[in-house]
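K.L.:
First, the structure itself, so that you have it in front of you.
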C-alpha cells in the first residue's frame, strides 16, 4: 500500500497546478514548491518500501516483488 501511495504522490507532483489554476508570482512559486515536496515525499515513501524488497529478496528479485505489491495492493512483506 505504501508503494502505491508513494507512486501516486510522485505522479501528482508532475501536475502543473500553478498553470492549471492560472497562478502567477509568489503563488506560482508556492504551487511549484508544493509540487516538489509532493515528489520528494512520494519518492521517500516508495523508496523506503522498495528498499525493504531489496533487503528481503536482493537486487535481482526486488523488482518482481515490488511489481506484485503494486498490482495487488499488498505490502512488500505480503508479496513474497
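Read-outs throughout are calculated quantities, based only on the coordinates presented, and are distinct from any laboratory measurement. The model shown is predicted, which means the values in this text are computed figures rather than measured ones.
K.L.:
Explain nothing, just the number: relative contact order of the range 2-72, from Cα pairs under 8 Å at least 6 residues apart, as a whole percent. Write out the running numbers ahead of the final one.
P.N.:
Details: 70 pairs, mean separation 29.1, N = 71.
Once divided by the residue count of the range 2-72, the mean separation gives 41 percent.
K.L.:
Two decimals is fine: what's Rg over Rh for the chain, C-alpha atoms, Kirkwood radius as Rh?
P.N.:
That ratio equals 1.16.
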